[in-house]
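S.K.: Right, I'll just put the structure down here and ask away after.
The values are calculated or read from the model by the stated rules, or taken from the named source; none is laboratory data. Just so we're clear, the structure is a prediction, and the values are computed from it rather than from any experiment. Cβ coordinates were reconstructed from backbone atoms using ideal geometry, including for glycine residues, and neighbour counts include every protein chain displayed.
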């Protein structure tokens, strides 16, 4: 078994404190406290991050809180690479799905090793309400890029995958990892009756965006990138 980590909100941290029968003092200035259950340990940091043994997943999941909203998140992979496709993904998660994935380290998506991407992608598909992936090959991208700005194209693709997910479920908010706020706001202005959040580094805060990031990365990793360049 391995170590996992996630971030706790203030009320979640208080809930964890209340559930623990005993706590150990911190060992450095960054720690809030330590705890141990049945030989498995955890560390809570002052910034809200908690690092814990995988055996404590159920405990961590039990203190997490999410509203009843169905949330759609979208993100892309491959944009900053010289080889391979660009992959854009969107996914819908309910409250239970978001808690399940947060407890398993999803909000640490930027630091998740490649070998664990496939495992997480499988978990994400199991708990998702709906998901959609668009893969743009280097050849297709070169042709399209000659006719438009890359961020214009990305904004359209994000909107496309979100619309596909909306065919399967209603949602009360849509969150897009921002790369160009103006273009994304323009593209998503046609979405009515749903809150749209466009935010940089959204994958560090919103489980649905982190999940979309993992699905996009997994699809990108599967691609044969040898010798295929779009820049």
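S.K.: For a quick check of your reading of the model, give me the residue pairs whose first member lies in region 126-155 and is free of Cβ contacts under 8 Å to residues at least 12 places away in the same chain and on the phi < 0 side of the Ramachandran plot, whose second is part of a loop (DSSP other than H, G, I, E, B) and exposed (fewer than 14 other Cβ atoms within 10 Å of the Cβ), with beta-carbon atoms closer than 6 Å and at least 6 apart or on different chains.
M.R.: Once the first residue is free of Cβ contacts under 8 Å to residues at least 12 places away in the same chain and on the phi < 0 side of the Ramachandran plot and sits in region 126-155, no partner that is part of a loop (DSSP other than H, G, I, E, B) and exposed (fewer than 14 other Cβ atoms within 10 Å of the Cβ) comes close enough.
S.K.: Just give me the residues in region 98-120 being assigned to a helix (DSSP H, G or I) and either free of Cβ contacts under 8 Å to residues at least 40 places away in the same chain or farther than 13 Å from residue 209 by Cα (or both), in sequence order. It would help to see each step written out before you state the result.
M.R.: As a first pass, look at region 98-120 and keep what is assigned to a helix (DSSP H, G or I): 98-103, 106-111, 114-120.
If the condition is that a residue be assigned to a helix (DSSP H, G or I) and either free of Cβ contacts under 8 Å to residues at least 40 places away in the same chain or farther than 13 Å from residue 209 by Cα (or both), then 99, 100, 103, 111, 114, 115, 116, 117, 118, 119, 120 are the ones that fit.
S.K.: Which condition does residue 218 not pass, out of (1) at pLDDT 90 or above; (2) farther than 30 Å from residue 51 by Cβ, if it passes all the others?
M.R.: The one condition residue 218 does not meet is (2).
S.K.: Give the residues of region 32-73 that are within 16 Å of residue 96 (Cβ to Cβ) and assigned to a loop (DSSP other than H, G, I, E, B), sorted by residue number.
M.R.: Across region 32-73, the qualifying residues are 64, 65, 66, 67, 68, 69, 70.
S.K.: A further question on this structure: Take the residues in region 173-183 that are closer than 24 Å to residue 114 by Cα and either modelled with pLDDT under 95 or outside the structural domain of residue 144 (by TED's automatic domain parsing) (or both); name whichever of them is surrounded by the fewest Cβ atoms within 10 Å (Cβ to Cβ).
M.R.: 178
S.K.: Here's another thing I want to ask about it. Read through the list (1) free of Cβ contacts under 8 Å to residues at least 40 places away in the same chain; (2) under 18 Å from residue 54 (Cα atoms), then give the number of the only condition that residue 5 fails.
M.R.: Checking residue 5 against (1) free of Cβ contacts under 8 Å to residues at least 40 places away in the same chain; (2) under 18 Å from residue 54 (Cα atoms), the one that fails is (1).
S.K.: Answer yes or no as to whether residue 140 is assigned to a helix (DSSP H, G or I), out of contact with any strand residue (DSSP E or B) (no Cβ under 6 Å at 6 or more places or on another chain) and at pLDDT below 95.
M.R.: Working: assigned to a helix (DSSP H, G or I): yes; out of contact with any strand residue (DSSP E or B) (no Cβ under 6 Å at 6 or more places or on another chain): yes; at pLDDT below 95: yes.
Considered against the rule, which asks whether it is assigned to a helix (DSSP H, G or I), out of contact with any strand residue (DSSP E or B) (no Cβ under 6 Å at 6 or more places or on another chain) and at pLDDT below 95, residue 140 comes out as yes.
S.K.: Does region 9-17 contain at least one residue that is in the same structural domain as residue 195 (by TED's automatic domain parsing), in contact (Cβ under 8 Å) with a residue 12 or more places away in the chain and surrounded by fewer than 21 Cβ atoms within 10 Å (Cβ to Cβ)? Before you say what the answer is, go through the steps one by one.
M.R.: If we filter region 9-17 for residues that are in the same structural domain as residue 195 (by TED's automatic domain parsing), which is where we start, we get none.
No - not one qualifying residue is present in region 9-17.
S.K.: Are any of the residues in region 75-92 farther than 18 Å from residue 169 by Cβ, assigned to a helix (DSSP H, G or I) and touching a helix residue (DSSP H, G or I) at 6+ places or on another chain (Cβ under 7 Å)?
M.R.: The initial filter retains those residues of region 75-92 that are farther than 18 Å from residue 169 by Cβ, namely 75-88.
Subset that is assigned to a helix (DSSP H, G or I): none.
No - not one qualifying residue is present in region 75-92.
S.K.: Residue 120 is checked against (1) over 29 Å from residue 139 (Cα atoms); (2) at pLDDT 95 or above; (3) outside the structural domain of residue 32 (by TED's automatic domain parsing) and fails just one. What number does that condition carry?
M.R.: (2)
S.K.: Let me ask you something else. Please name all residue pairs, on different chains or six or more residues apart, with Cβ atoms under 9 Å, provided the first residue is in region 184-195 and is surrounded by 14 or more Cβ atoms within 10 Å (Cβ to Cβ) and the second residue is assigned to a loop (DSSP other than H, G, I, E, B).
M.R.: 184/178; 194/170; 194/171; 194/172
S.K.: I'd like to know if region 149-165 contains one or more residues that are assigned to a strand (DSSP E or B) and over 13 Å from the mean Cα position of the chain (by Cα). Outline the logic, then answer.
M.R.: First, pick out the residues of region 149-165 that are assigned to a strand (DSSP E or B): none.
No, because not a single residue in region 149-165 is assigned to a strand (DSSP E or B) and over 13 Å from the mean Cα position of the chain (by Cα).
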